[in-house]
Each structure stands twice: as structure tokens, then as C-alpha cells.
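Structure, as C-alpha cells:
What follows is calculated from the coordinates using simple rules that are stated; it is not laboratory data. All figures in this text were calculated on a predicted structure; none of them were measured in a lab. Every residue, glycine as well, gets a Cβ built from its backbone with ideal geometry; the counts of neighbours run over all protein chains shown.
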Amino acid sequence: MKKQKLLLLFIAACAFWNSTKAQSYTIESLEGAKVKIHLTRTSSWYGAAISCLADTLFLNDYGGAKEIHVLKRKFLEIDYYTRGGSGFQCRNTVILSVKRNKINASILVTSFGKTFGGDLDGSLYSLKFNVTGDDKSNFKLIAHIYDRHKSYVNPKTSYIKNKQVILNFDPDQNIFYSTHKKIAQSFTIDGASGASEKLAINETIPVISLDKDTYSYYIKGAWYHPGDNDRLFKSYNK
């Protein structure tokens with residue numbers, strides 16, 4: 001029994017050590033130079049550091065990567081688990097790019113959600129992305145959206161939706177976006193530390209709009225997710 005416990009402790013220690021090792025991926029910067037992006041789990045249970053050259057971006061709600069892909073040589077797509085809840089699973093997708101030796105989140109959205117209402121009922125929401133175009137002047141991001149709700153208790157509410165949304169690329173801000181929207185409003189920003197701060201906006205900003213529940217605002221160089229009661233949630237920091 002003692003040997004078995006020691007073996008289990010050794011396996012757990014190896015798993016933890018492997019999870020903290022950096023994973024490296026090579027892409028091209030938007031200027032055309034080859035660069036390496038390093039992904040490392042932080043000491044937090046839900047955290048990761050993404051670094052390139054001397055710049056680092058920290059994901060605040062990272063529970064491990066499901067899939068990682070290089071898109072059109074210029075972008076690194078990371079599909080990662082986030083905190084869910086009882087009867088709920090979710091993932092985010094961040095697509096990274098590098099310009100002027102800086103790493104940037106070109107998009108960060110909730111890309112998967114699954115709720116359970118018993119063995120037969122439930123909802124499923126899933127996004128898949130691919131990039132088209134040859135360079136920063138004509139890149140497009142295609143979002144393939146699958147949205148399903150199934151209810152045997154109330155079958156009239158059941159549905160299945162499939163659609164595509166095309167996002168443009170802003171070569172100056174290095175982001176994908178759906179449209180621009182005039183915002184004149186004060187928000188409370190909730191960050192990973194639990195502290196809140198106030199932010200007043202009166203300008204036209206890029207917006208990602210995939211459906212009525214999945215959208216993001218790009219404010220002062222970062223993506224925010226709107227919530228209830230005039231709140232904005234930020235999933236990363238630099």
C-alpha cells in the first residue's frame with residue numbers, strides 16, 4: 001500500500017511538472033519574421049503565460065488547452081478550457097498574432113458551451129474558426145457557429161442553428177472584428193484579482209458580434225466581455 005501511494009504521488013508530481021513546462025509554437029509576425037510563442041501554465045490552477053520575445057500575455061481563466069493550431073502561418077489559435085459549473089462546460093478561444101515584437105489577442109471569445117438537463121435534454125454551442133486571405137490587407141476570419149437546444153419536456157423550444165459570420169481584420173490594431181459601435185457609457189470592470197474599477201467610454205470601438213449572447217468590445221487595446229449591470233469582464237492582462 002505504501003509503495004502504491006508513493007507511485008501515485010510520483011505520477012501526480014510528473015503530471016504537474018509536465019503541465020508547467022513551456023510549449024513552443026512558431027509563427028510569422030505580421031512583418032514576416034519567424035517568431036516563437038511559448039505557452040506555460042502558471043502556479044495558479046487557472047492561469048497561463050503566453051510569451052513572445054520580451055512580451056507576455058496572461059490568461060486569467062485557463063484550465064488547459066484542448067486544441068492548438070497555426071492559422072495561415074501568422075496566427076496561433078488556442079482553444080482552452082475555462083471554469084464551468086454544475087451541469088455546465090465551457091471553453092474560450094484566443095487567436096494570437098505578433099506585430100512590432102508585441103504579442104496580441106486578435107480575438108478572444110467563448111467558443112464552446114454545453115449545459116445538461118438530464119440524459120436527453122440540454123444545449124450545445126460551438127464555434128470553429130478558419131482564416132482566409134494572403135496578408136494583413138485581406139485577412140478574413142470565418143466563424144462557423146453551431147447552436148442546438150433540445151428539450152423533451154418542452155419540445156417547442158428545441159432548435160438547431162448553423163451559420164457563418166465573417167470578421168474583418170484591422171491591420172493597425174491587429175484584431176479581427178465584426179463591426180464598429182458607438183459606445184457612450186460607464187462600466188465596472190471585473191478583473192482576475194477580484195478588484196473592480198470604473199471605466200467611462202465615449203467613442204466608436206471595434207466589436208465582435210457572433211450572436212445575441214456572444215460578443216466582445218475592444219477597448220484601449222484589450223478585449224472585454226459585457227455582462228449584466230453595466231459590467232465588463234476581462235479574460236487576460238499584460
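Summary table
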quantity: Per residue, the convex hull volume that the Cα atoms of the range 107-238 enclose (Å³); calculated: 144 Å³
quantity: Dipole axis of the chain (+1 Lys, Arg; -1 Asp, Glu on Cβ), positive-most option in T204, A48, Y125; calculated: A48
quantity: Simple spin-label estimate for K136 and D230 in nanometres, 7 Å along Cα-Cβ; calculated: 3.6 nm
quantity: Above-threshold pairs, the threshold being 31 Å between Cα atoms, out of K161/K220; K34/K198; K36/K182; K66/K150; K128/K156; calculated: K161/K220; K34/K198; K36/K182
quantity: Relative intensity, log₁₀ I(q)/I(0), of the range 112-172 from a Debye sum that treats every alpha carbon as a point, q = 0.16, 0.18, 0.22, 0.25 Å⁻¹; calculated: -0.61, -0.68, -0.84, -0.97
quantity: 5 Å binning of all Cα-Cα separations within the chain, expressed as whole percents from 0 upward; calculated: 1, 6, 12, 15, 17, 16, 13, 9, 5, 3, 2, 1, 0, 0
